[in-house]
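A short write-up of the structure that comes next.
The values are calculated or read from the model by the stated rules, or taken from the named source; none is laboratory data. If you're wondering where the values come from, they're calculated on a predicted model, not measured in any experiment. Using ideal geometry, Cβ is built from the backbone for each residue, glycine included, and neighbour counts are taken over all protein chains shown.
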Amino acid sequence: MEKDKIRTVDLFSGCGGMSLGFQNAGFDIVAAFDNWKPAVEVYKENFDHPIYDFDLSTDESKEFINELKPNLIIGGPPCQDFSSAGKRDDTLGRADLTISYAKIISSVKPEYFIMENVERIKKSRILKEAIDILRDSGYGITMTVLNASLCGVPQARKRFFMIGRLKEKDDFLMPYINENLSEKPMTVFDYLGNSLGVENYYRHPRSYKRRGVFSIHEPSPTVRGVNRPIPAGYPRHSGDPVDVSENVRSLTTKERSYIQTFPKSFKFNGTKTNLEQIIGNAVPVKLGEYLANCLTEYIADKKLKKYKNYGQVRMALEPESTVPNNVYSS
């Protein structure tokens, strides 16, 4: 299977970070699905293939997706119930969409799937339930937590990924994932140079026990769904490289999309509140692209091995030549 023929569907796509990453790596994204109109509208403006505003918890979704005949399903079910920024309670209802995702995979049975979520999902009962569904459906599973700054993203964002292939052994993709990791974290300066016009910037902390000022010469902290200006009377943290009075500002909405590795040409239209949430929820484009390239390498190696084995079998089955040894003798 060549990568340009891998029909891919993105579920819970948001504005399309994972879609764009896989598209950049040569995969054929045939459709996307999400159920939040502001994100759907942003997606529509940036891709030629369709996105459907659809409730993926319904049985109808399985039938619809099955008709698309995907070889690969990718996506990140909503993570608020697991997130350190949320209530960390997987009984609130949104976590059930992780089960919906697993059931769609189980029903449609694409050859491959990739699911993204926050690192904290590893501790949830929901993940175990989803894994049981997928294993019972015949998938070998690779699970890993990736630091985006080692995958071409200038952001210390840790995310959980589960990758499956039908009738494959567990951990099949780990050699490719580990082999391609960068030896050092990518900084904001590595990715954007001096284009932000500041040496240091403000990212509002969850509590003042944490630092709020960061240098462009380190990876950005996780881009979250909120973006606040520097509050009056901000108490300098011991970890802040400079005081907030020293040419420090919050990043703009568009600048935060660059940290998420969206290209400058990507269109973000909507209210500021919605766009901050859309950008914060997105899978960084280059992180999606990183996994797509790992999968491409794996598929290419499997294909090469198949042809090598075919050649060996063919040689073993063909009879020895009946041409006399001295046919070319003078």
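Quick look at the numbers
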item: The range 227-264, subset hydroxyl-bearing (Ser, Thr, Tyr) and in a loop (DSSP other than H, G, I, E, B), residue nearest to Asn147 (Cα to Cα); result: Thr261
item: Inter-residue pairs, beta-carbon under 9 Å, first free of Cβ contacts under 8 Å to residues at least 60 places away in the same chain and among the polar types (S, T, N, Q) and in the range 119-143, second surrounded by fewer than 17 Cβ atoms within 10 Å (Cβ to Cβ) and outside any strand (DSSP E or B), 6+ apart; result: Ser137/Ser107; Ser137/Lys109; Thr142/Asp170; Thr142/Asp171; Thr142/Phe172; Thr142/Met174
item: Meets criteria (within 16 Å of the chain's Cα centre (by Cα), over 17 Å from Leu295 (Cβ atoms) and part of a strand (DSSP E or B)) for Val223; result: no
item: Residue ID - farthest from Lys272 (Cα to Cα), chosen from residues in the range 2-33 that are surrounded by fewer than 24 Cβ atoms within 10 Å (Cβ to Cβ) and charged (D, E, K, R); result: Glu2
item: Within the range 18-42, tally of residues that are under 17 Å from the mean Cα position of the chain (by Cα) and either assigned to a loop (DSSP other than H, G, I, E, B) or within 16 Å of Gly288 (Cα to Cα) (or both); result: 13
item: Where Gly239 falls short, out of the listed (1) in contact (Cβ under 8 Å) with a residue 12 or more places away in the chain; (2) surrounded by 12 or more Cβ atoms within 10 Å (Cβ to Cβ); result: (2)
item: Long-range neighbours under 6 Å by Cβ, at least six apart or interchain, first residue touching a residue at least 24 places away in the same chain (Cβ under 8 Å) within the range 161-180, second part of a loop (DSSP other than H, G, I, E, B) and exposed (fewer than 15 other Cβ atoms within 10 Å of the Cβ); result: Leu166/Gly138; Lys167/Gly138
item: Any hit, the range 167-181, residues being among the basic types (Lys, Arg), buried (at least 19 other Cβ atoms within 10 Å of the Cβ) and within 30 Å of Asp301 (Cβ to Cβ); result: no
item: Residue in the range 104-113 that is polar (S, T, N, Q), part of a helix (DSSP H, G or I) and more than 21 Å from Ala292 (Cα to Cα) present; result: yes
item: Pick from the range 68-85, criterion surrounded by fewer than 18 Cβ atoms within 10 Å (Cβ to Cβ) and either among the hydrophobic types (A, V, I, L, M, F, W, C) or over 20 Å from the mean Cα position of the chain (by Cα) (or both), ranking: modelled with the lowest pLDDT; result: Ala85
item: Qualifying residues in the range 39-67 (those that are farther than 19 Å from Ile99 by Cβ and β-branched (Val, Ile, Thr)) - the one surrounded by the fewest Cβ atoms within 10 Å (Cβ to Cβ); result: Val40
item: Only one of Glu218, Glu168, Glu199 that is under 24 Å from Ala102 (Cα atoms) and more than 20 Å from the chain's Cα centre (by Cα); result: Glu168
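Okay, residues lined up against (1) within 30 Å of Asp28 (Cα to Cα); (2) modelled with pLDDT under 95; (3) loosely packed, with under 10 Cβ neighbours inside 10 Å:
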| residue | (1), (2), (3) |
| --- | --- |
| Lys272 | no, no, no |
| Leu304 | yes, yes, no |
| Ala316 | no, yes, yes |
| Asn326 | no, yes, yes |
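To keep it simple, each residue is scored yes or no on (1) closer than 29 Å to Met143 by Cα; (2) of a type in the set (Asp, Glu).
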| site | (1), (2) |
| --- | --- |
| Asp243 | no, yes |
| Lys254 | no, no |
| Gln260 | yes, no |
| Pro263 | yes, no |
| Thr271 | no, no |
| Leu275 | no, no |
| Ala282 | yes, no |
| Lys286 | yes, no |
| Tyr290 | yes, no |
